[in-house]
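Below: the structure, in structure tokens.
The values are calculated or read from the model by the stated rules, or taken from the named source; none is laboratory data. Just so it is clear, the model here is predicted, and its values are computed rather than measured. Cβ atoms come from the backbone with ideal geometry, glycine included; neighbour counts cover every protein chain shown.
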Amino acid sequence: MITLRGLTKRFGTATAVDGLTLDIRPGQVTGFLGPNGAGKSTTMRMVLGLDRPTAGQALVNGRSYRQLRHPLYEVGALLDATGIHPTRSARAHLVAMARSNGIPARRVDEVLDLVGLDGRAAGKPGRALSLGMGQRLGIAGALLGDPPVLLLDEPVNGLDPDGVRWIRRFTRDLADEGRTVLVSSHLMSEMEQTADRVVVLGRGRLIADAPLAELLAGRPSGTVRVRGPEPAGLTALRDRLTAEGATVDLDGTGLSVAGATAARVGDLVYELGVRVHELTPVAASLEEAFLELTADSVEYAAGPTGGEPR
């Protein structure tokens, strides 16, 4: 379990993490989300003793990282997949990590097999590893001590689709074993398929901490997409839906309807005699929830597409 109490980190006049209090519990995958600069990486670094908190505590199973005698047996982490000496082989890198924590050498081969790095890949020097191989090696390092707590920062970066699916299943299996699994990612679609619980930061502060299902249940019920070949019919449908209080975007070939059920849209299509080729309910997504939650917390935002530059 990871316990954060009033965790704060300032760099000069800038506050990276601001009074963060939460528990990351075992037996579930917790998605750690936030815009760039939200404080996710700084929080992970404080949990791992790499940054000293300005105030508050970050504990792993009730103790600070600095109090752990053999930390790899307690917590494993992937923060930077490129953190390997360019001339040292992947296997030698893991052997050095194992020796530093009194881990038997046989465990190196076990974790290499777990993450799918064969003998040829394990013999490559760090500079010859692809980003995907580096990610797998970083995860192997995190698993060396068979720890009950795991922190993974953007673990799917550089992985091909098969690797992404493997990470998804692997983190799920680790949580099902009763481990604490904290995964930071910017890929909302991936988190929606992986996380049991979601923690969202914005400007260093806690915005949300809830089960994924509860977070999505609290959002609007989604939209209805309508596509058809008759612009006049779509316009009439839009006007009728708007009159009933729905929010409708018309792009020429279709409608996006919020605030009306697919059944009601279908009834109006029939009533108005509008010919349609598609009528699809689109469920609320984690991406939509995330964008709504963090709208006031982004460091910068892109302007509207098209038009004259400003």
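Taking TYR270 as the residue in question, decide whether it is loosely packed, with under 12 Cβ neighbours inside 10 Å, hydroxyl-bearing (Ser, Thr, Tyr) and at pLDDT 90 or above. Considered against the rule, which asks whether it is loosely packed, with under 12 Cβ neighbours inside 10 Å, hydroxyl-bearing (Ser, Thr, Tyr) and at pLDDT 90 or above, TYR270 comes out as yes. Taken over the range 248-283, the criterion of being of a type outside the set (S, T, N, Q) and assigned to a strand (DSSP E or B) is satisfied by VAL248, ASP249, LEU250, GLY254, LEU255, VAL257, ALA258, GLU278, LEU279, PRO281, VAL282. When each of VAL149, VAL115 is tested for being within 30 Å of SER297 (Cβ to Cβ) and surrounded by 17 or more Cβ atoms within 10 Å (Cβ to Cβ), the lone residue that passes is VAL149.
For a quick check of your reading: which strands (runs of 3 or more DSSP E) sit entirely within the range 161-218 and have at least 1 residues that are under 11 Å from the mean Cα position of the chain (by Cα) and within 22 Å of LEU48 (Cβ to Cβ)?
On the way: elements: 180-184, 197-202, 205-211.
Counting at least 1 such residues, we get 180-184, 197-202.
Output yes when any residue across the range 74-85 is within 22 Å of ASP23 (Cβ to Cβ) and in contact with a Lys or Arg (Cβ under 9 Å, 6 or more places away or on another chain), and no when none is. Yes, some residue in the range 74-85 is within 22 Å of ASP23 (Cβ to Cβ) and in contact with a Lys or Arg (Cβ under 9 Å, 6 or more places away or on another chain). Just one of (1) touching a Gly at 6+ places or on another chain (Cβ under 8 Å); (2) at negative phi; (3) surrounded by 13 or more Cβ atoms within 10 Å (Cβ to Cβ) fails for ALA283. It is (3).
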